[in-house]
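Below: the structure, in structure tokens.
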Amino acid sequence: MKNGRWILMIVLVLAVHRVPLMGQEPEAIVKLRLAQSFERAGDWERAVPIYESLLLTDPRNYVYFEALRRGYVQLREYDKAVELIEYRLTLEQNNPQLLATLGSVYYQMGKESTADSLWQAVVRLDSKNPSMYRLIAGQMLEFRLYDRAIDLFTRARKITGDPHLFLSELANLYGAFQQYGRAAEEFVQLLVLQPAQLSDIQSRISVFFGRPEAITATREVVARALTKREDFVPLRQFYAWVLMEEKRYDAALEQYRIIDRTMRARGAQLFKFAERAADEGEYRIAASACDEALKADPPTELIPLIRLKYARAIEELTIDQDTTAAPPAPRRAIPESALSSGTALKLYASVAQEYSGTRHAAQAYFRMGILQRDRFRDLDAALAAFNEAVRAGAGLPVAEKALLERADVLVAKNDLEKARETYTLLSSSRSADMRDRALFHLAELDYYTAEFDSALAVLGRLAAQPATDLANDALSLRYFIEENHGLFTEALKAYASADLLCRQKRDSEALEAFRSILRRFPTALLADDAAFTVGELLVRLRRYDDAVKAFRSIADDMPSSILRDLALMRIGEVYEREMHVSPLAIETYEELLRLFPGSIHAEEARKRIRRLRGDVL
């Protein structure tokens, strides 16, 4: 090992007077595996001698050669690596890969000029061949020589006379160098040559969009390109996508109007845009796009889909309204009369009527049920709508979703037996998620009716599953029942009964029930849970001063409660969001940080303090 040249001398001798190795091959395989195991463990000191001995027995074996080269480089025995590669070059003269690798070894030795000379020699072997440039650029990138790789690729374009070479590679390199405008130019050229790569280009360039200057530079480049290729749809789609990434949905809608006209899509492209806008929560612009799509004489099969999306957008726009609230000030193309929960309900009803018995009707009825239950509090109408959704969507996922919601309405109507029948039916669903949801709700019914042992049996199975929101809910309810069942069974029964009133949204009755629990069972473990629920109910009833007092009673008067930090967090949130008293919100959040610095709510409290003070987050 002191002199690397002896290896090559023996190799040369064996290359001329090679001994047949048929009988030795099993031994060679064992030694190779042993060396590879040392290599995987990073033990190159033990791997290299074995690779040396293997190469002596079979000097032309590329696997042995490459493994030994890696070993020399890892051990920084660069002179030996050079001699090894040079010997290999006597067997494979002017092999580009070997020459490029030799250059890399010289670079690692600190001989950059020698390395560069070898790399340039590789390019000269076939200066019109793009693969030669990619080979050398790969070596450069290994050492993060990004600027030299860029120079190599741009020079290759001149030498080959092909301005479209290495578009993808240069786009990535410019992006890494934060030259976002140049990166965008390369991506635009790539899109023009290969329009089918639009989604891939969007995915790759979005990596840089965490920096505002990247998205601005990209938009400017694409906009300039569009002035020369106004009718090139993929480029305009790219531009619209960039605008949406900037949250400039109005400008993006204008681009989709042009796209729709250019493609003669009759509203199909406008609807595609509406779906993306709705997914991003831009319901006003989604509604406008749907409205325009419907006026563009869309294909028959798209009409119900567009109408459903339009109704859904109107529904979301009015999510904070009740049946008597005035609609918000209209913007864009949506008329004031359209912005109401009643309008959304009528839109769904028209789809349900015109497409009776179809999946579109089922979806419309489903949304009608949600509106009737949550906005209008008409449980009978909600129940009828969900029943229609089940009928029209027979065999479709929407039917099971409607059954689940129907059971919820039955619970709200206090028809627990029929609700249990529905949940029992769903517990045999082919969908594992639906089965688990149904089982959880069955356990809830057992809990509400004080059948605690039955509830615990089901909750135990659900809680044992991999961590999911449902498993966490099951674990939480199971722990609550186990903690209070026994010593405080009567208190637990009262709590479960009050909890059912909450589930049924009978808030005033529930409030009195929980207050009664606090009076009757002040020492029960669940007293702080009851006090906390009193606070939440008072928030729902918009009695904010009383809610603050309820939460404050936990923070100040229940020193052993694990809910004290959460109670302070809720006080701060009521001050901040409901009462809009920022100084008191800040004061409460600071109290939380002072008393409970290790709370899981501490970081959120800090963020809110900074935001309320106007600090930069």
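All of the numbers you see were taken from the coordinates with simple rules; none came from a lab. All of these numbers come straight from a predicted model, not from anything done at the bench. Here Cβ is always computed from backbone atoms with ideal geometry, including for glycine, and neighbour counts include all displayed protein chains.
Can you tell me the order of 287-295, 263-271 when each peptide is scored by its average per-residue count of other Cβ atoms within 10 angstrom, highest first?
287-295, 263-271
Segment Gln120..Phe232, full-extension length gain: 36.3 nm, with 0.36 nm per residue of separation and the alpha-carbon distance subtracted. When shorter helices are ignored and each DSSP H run of at least 4 residues is given -39500 (n - 2.57), the per-residue value for the chain at 222 nm works out to -23500 deg cm²/dmol. Protection proxy ranking, highest mean first, for peptides 62-74, 208-220, 525-537: 525-537, 62-74, 208-220, where packing is the per-residue count of other beta-carbon atoms within 10 Å, averaged.
Report, in listed order, any pair from Lys272/Lys309; Lys111/Lys158; Lys309/Lys346; Lys128/Lys158 with a Cα-Cα distance greater than 19 Å.
Listed pairs above 19 Å: Lys111/Lys158.
Across the options Ser113, Asn484, Ile303, the greatest Cα extent toward the positive end of the charge dipole of the chain (unit charges at beta carbon of Lys, Arg, Asp, Glu) belongs to Ser113.
Helix 146-160 and the long axis of the chain differ in direction by around 70°, with both axes built from C-alpha atoms. Angle of helix 249-262 to the longest C-alpha principal axis of the chain, folded into 0 to 90 degrees and rounded to 10: 70°.
In this structure, Met579 and Thr489 have a Cβ-Cβ separation that, at R0 = 35 Å, corresponds to a calculated FRET efficiency of about 0.35. Axis angle, to the nearest 10 degrees, between helix 5-16 and the longest C-alpha principal axis of the chain: 80 degrees.
If you wrap the tightest convex hull around every Cα atom of the chain and split its volume per residue, you get 270 Å³. A simple charge model with +1 on the Cβ of Lys and Arg, -1 on the Cβ of Asp and Glu and nothing else charged puts the dipole of the chain at about 1660 debye relative to its Cα centre. Spin-label pair Lys549-Arg261: with each label point 7 Å from Cα along the Cα-Cβ axis, the two points sit 6.4 nm from one another. In terms of other Cβ atoms within 10 Å, Tyr256, Tyr78 run from fewest to most in the order Tyr78, Tyr256. Full extension of the chain between Ala251 and Ser113 yields a length gain of 44.4 nm, computed as 0.36 nm times the residue separation minus the alpha carbon distance. Extending each Cα 7 Å along its Cβ direction at Glu316 and Arg461, get the distance between those two points in nm, one decimal. Between Glu316 and Arg461, the label points sit 3.7 nm apart. Compute the FRET efficiency between Asp380 and Arg515 as 1/(1 + (r/R0)^6), taking r as their Cβ-Cβ distance and R0 = 35 Å, and round to the nearest 0.05. Once rounded, the FRET efficiency stands at 0.70.
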